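Laboratory data are not the source of any read-out in this text; all were calculated from the coordinates shown. Since the model is a prediction, treat every value here as computed from it, not as a measurement. We place every Cβ from the backbone using ideal geometry, glycine too, and count neighbours over all the protein chains shown.
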Amino acid sequence: MPWNPDQFNKFQQERSASFDDLVNMLNIREGLRVIDLGCGTGELTARLADMLPNSAVIGIDTSAEMLAQAQHYVRPGLRFEYGDLTTIKGQWDVVFSHGVIQWVSDHPHLLPHLFSLVTPGGQLLVQVPSNHYHPSHMLVRQLAGEEPFKTALNGWVRDMPVLTIDAYANLLFAQGGLNLNVFEKIYPHVLAGADAIVEWTSGTLLVPYFERLGSLRDTFVTVYRDRLRERFPNHPVFYGFRRILFSAIRPSRN
């Protein structure tokens, strides 16, 4: 997908709020081999690397636009390269993913793959947005089913593969995960108004729709903005964003 780093980073502070909660679950020690799956523009990967003394951290992403910006953070012990989290092979002491796996389907098969990347005694840490029942998301799916957008999209509507916290806990347990920590949290963002929600979703949720809508992109955004203004007429607007965070340790070999 054609990611726009500048659009994505308009709400970098809000998007990174869950990063602190995720790294608080990290078992920090020296000399770790770490991979950040879906590093984006690299800012948070650099913050992660700063917390891990004498460690080797690599950030991977499939977006050339994001990786171009991430190169600004390269230093000894931190590098970035192209990589697809669904096919990558190898093992790391820490497998870290912040706000990425919602773009990948079939989580019952994805989670075992991610856990296989963790060295024995290592740790998997994941944050995944679970805001798909918020009006901002529901309206997008509703519009995608209306004309002229339905025809332009050829009936396509993005599936939401995110599971429940119970399902993630069960998947991690089935893989032998230890010290499971799985929870859902609403992050209380306060935005200027409905238009700010459009700006937010334009950097993430709407990206695959923009890719398919062609000349109807601006019309779609206009209708979407109007409906959000009806739903959220006040200024400022409370934008409660739901996210799932989980961590698990892979058992050490006997």
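The length gained by stretching the chain between residue 62 and residue 91 to full extension, at 0.36 nm per residue less their Cα-Cα distance, is 8.5 nm.
What does the charge dipole of region 5-249 about its Cα centre add up to, to the nearest 20 debye, if the Cβ of each Lys and Arg holds +1 and the Cβ of each Asp and Glu holds -1? Numbers along the way, then the final one.
Values: 20 positive and 25 negative charges, 31 e Å.
Magnitude of the dipole: close to 140 debye.
Summing charges over all other residues whose Cβ lies under 15 Å from the Cβ of residue 176, with Lys and Arg as +1 and Asp and Glu as -1, gives +2.
Taking the beta-carbon count within 10 Å as an exposure proxy, list 219, 86, 201 from fewest neighbours to most.
Details: 219 13, 86 16, 201 22.
Fewest-to-most Cβ neighbours within 10 Å comes out as 219, 86, 201.
Computed 3J(HN,Hα) for region 75-92, one whole-Hz value per residue from the Karplus formula 6.51 cos²θ - 1.76 cosθ + 1.60 where θ = phi - 60°, is 7, x, x, 9, 9, 9, 7, 5, x, 9, 5, 7, 10, 5, 10, x, 9, 9, glycine and proline marked x.
Excluding residue 162 itself, what net charge comes from residues whose Cβ is under 11 Å from its Cβ, given Lys and Arg +1 and Asp and Glu -1?
Result for the local shell: 0.
Taking a quarter of the surface of the Cα convex hull of region 5-249, what do you get in nm²?
Details: hull surface 52.0 nm².
Averaging across all directions leaves 13.0 nm² for the Cα convex hull.
Relative contact order of region 5-249, taken over Cα pairs closer than 8 Å and 6 or more residues apart, is 22 percent.
For region 116-237, give the magnitude of the charge dipole about the Cα centre (Cβ charges: +1 Lys/Arg, -1 Asp/Glu; no others), in debye to the nearest 20.
20 debye
Counting other Cβ atoms within 10 Å as a rough exposure proxy, the listed residues 73, 168 run 73, 168 from fewest neighbours to most. Contact order for region 154-229, expressed relative to its length and based on alpha carbon pairs under 8 Å spaced 6+ residues apart, stands at 30 percent. Exposure proxy shown here: for 45, 164, the number of other Cβ atoms within 10 Å sets the order, fewest to most, as 164, 45.
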